[in-house]
Amino acid sequence: MVSSYQISSETIAQIKLLEGFRARATPLGDGRWAVGYGHVASTKRTSIVTRAQADLLLRYDLNVISEALSGLVYTPLNLNQIDALGSFVYNIGLDAFEGSAVLRLINAGALLEAATAMEQWCHAKVSGQSQEVDGLIRRRAMEKALFLKPEGGWVPVPSRLVVPYADAPCLSHDSTGDEPVIEVWDIVEVTPTIAEIDEPAQMPLVADLTPEPQSEALSDAISPSEPAVDETVLFPATPSVVRRAAPSKSTLRSKPKGAVPKLDYGHLAILGLIALGALAAMGFAVSLATDTDVAVRQNPQTLARAWAIGITGLLALSVASALLFRMLNPKA
């Protein structure tokens, strides 16, 4: 017997997606009404809910299912199996679950058979007729996969060692009945075969991994005519495909001591223009400060303008001098 449990938030979110949200009550066809995410117990014709209220109603219904399962299930279950049962029971109802083969198989310890029995509950009444519903098939597949998912991770099933074959009857079940109706169709039995390790026809092995030599024309087209310095082979299986690697810092040749570095004349021209502009600005500032007109020379605005232009020109000249020194002495 399992203790009371709480369904995970991930499964609750999945149930919301599967059920869909209804703000107003929707008739079910049997005199009952559903609202929110499938709440039926206290729903009336005039019921209206918000998404927050529908979430609370869903959690209340799942708590009722949780308490009921604690008295119905006697086999220990992990969290994934509990979540799968919560979604399954919320869909088919507690009354149908109590009389289902799923519960009997779980209590008998046949968990794999119980998961398979979930797939039988894929029929519903549509326009008064019982038929398979694609939405229920997808929901049963999701719940079955969650029920069989181990908490410690999936168990590998090598296809070479475990060869599947069809040897099971096709199941058909009406969700309105208590017992599943099994219809046996004629199925051609396929004898299972296990691939032998020493049988090369079943499992071909690559004995020789040496790449085939390429033609001379292809090699000349891909490979350089002369070996390049610091070349790296990217693909060992195709040695003719090569790529020139960027030279590392260690391979850079150092300049002899005392050698005059080459100057970029374009940069020198720009520095010259900056220097000429700076000198012109400083000369203009000096002319303003030493103007022959006493009124102009003693005007505060003229002095401020002269100082601003002179300082700007001095800064430009300093920057040009520093850049020129940096070009002439790159290691300084």
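The values are calculated or read from the model by the stated rules, or taken from the named source; none is laboratory data. Because the structure is predicted, anything quoted here is derived from the model rather than measured. With ideal geometry, Cβ positions are generated from the backbone for all residues, glycine too; neighbour counts draw on all protein chains shown.
Numbers below:
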| item | result |
| --- | --- |
| Elements of type helices (runs of 4 or more DSSP H) in segment 67-147, at least 2 residues being among the aromatic types (Phe, Trp, Tyr) | 79-92 |
| Where a residue in segment 96-113 is under 15 Å from Leu69 (Cα atoms) and its partner, wherever it lies, is assigned to a loop (DSSP other than H, G, I, E, B) and of a type in the set (A, V, I, L, M, F, W, C), with Cβ under 7 Å and at least six apart | Ile106/Val73; Asn107/Val73 |
| Segment 146-188, subset at pLDDT below 60, of a type in the set (A, V, I, L, M) and surrounded by 10 or more Cβ atoms within 10 Å (Cβ to Cβ), residue nearest to the chain's Cα centre (by Cα) | Leu171 |
| Residue list for segment 52-67, filter: surrounded by 12 or more Cβ atoms within 10 Å (Cβ to Cβ) and more than 23 Å from Phe88 (Cβ to Cβ) | Gln53 |
